[in-house]
Amino acid sequence: MLRIAVLNGPNLNMLGIREPGVYGSESLSAIEAQVKSKGDELGVQLSFFQTNHEGDMIDRIHSAYGSEDGIMINPGAWTHYSYAIRDALSAVSIPVVEVHLSNIHKREAFRHVSVVAPVALGQIAGFGAAGYVMALDALVRTLQSESS
Ligand code: DQA
């Protein structure tokens, strides 16, 4: 059974409260429930993690080495500047899909850059909570096609 880590970075614990016009009105746990239901449908094992602390996220990414087959991550603001998160993802060499609720490319200029994108299989942005379900589907399809 494929094992996938579903990782969320800073301020994403505030979903539902935080700028609902940009990020929607659903809480992170409601989004995770939708991802879990897609995971059950796809027959994969999911592990959920959110932190506001960069070092804790780096440790969590390292812990995926040898124990998980794929990572989907919304790195929040770290997306735009954290070479440490990017290097951690690169270090473990596990296929990664980057996801964002908002379309970062049509927002402020500082959000247009993702330092994570070059180490990801791809990026899904702008579809709100549905993007998480799409990201899981894309990641699982890729992992399954690689293993067949
Ligand atoms: C975000 C976009 C980032 O620019 C922002 O800092 C976030 C959320 C998104 O999901 O749209 O925290 O990653």
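Coordinate-derived values only; no laboratory data. Not measured: the values here are computed from a predicted model. Positions of Cβ are backbone-derived with ideal geometry, glycine not excepted, and every protein chain shown enters the neighbour counts.
Worth pointing out:
- Put simply, the chain fits an ellipsoid with semi-axes of 22, 18, 14 Å; these come from the alpha carbon gyration tensor as the roots of five times its eigenvalues, largest first.
- The residues neighbouring residue 129, those whose beta-carbon lies less than 10 Å from its own, together hold a net charge of -2 under the Lys/Arg +1, Asp/Glu -1 convention.
- The range 113-134 versus the range 71-112: alpha-carbon centroid distance in Å: 7
- With a Förster radius of 30 Å applied to the beta-carbon distance between residue 108 and residue 25, the computed FRET efficiency rounds to 0.85.
- 222 nm mean residue ellipticity, helices alone, for the chain (DSSP H n ≥ 4; -39,500 (n - 2.57); rounded to 500): -12000 deg cm²/dmol
- Percent RCO, i.e. relative contact order, over the chain, from Cα pairs under 8 Å lying at least 6 residues apart: 27
- A simple spin-label model places pseudo-atoms 7 Å from Cα toward Cβ; at residue 59 and residue 127 they are separated by 3.4 nm.
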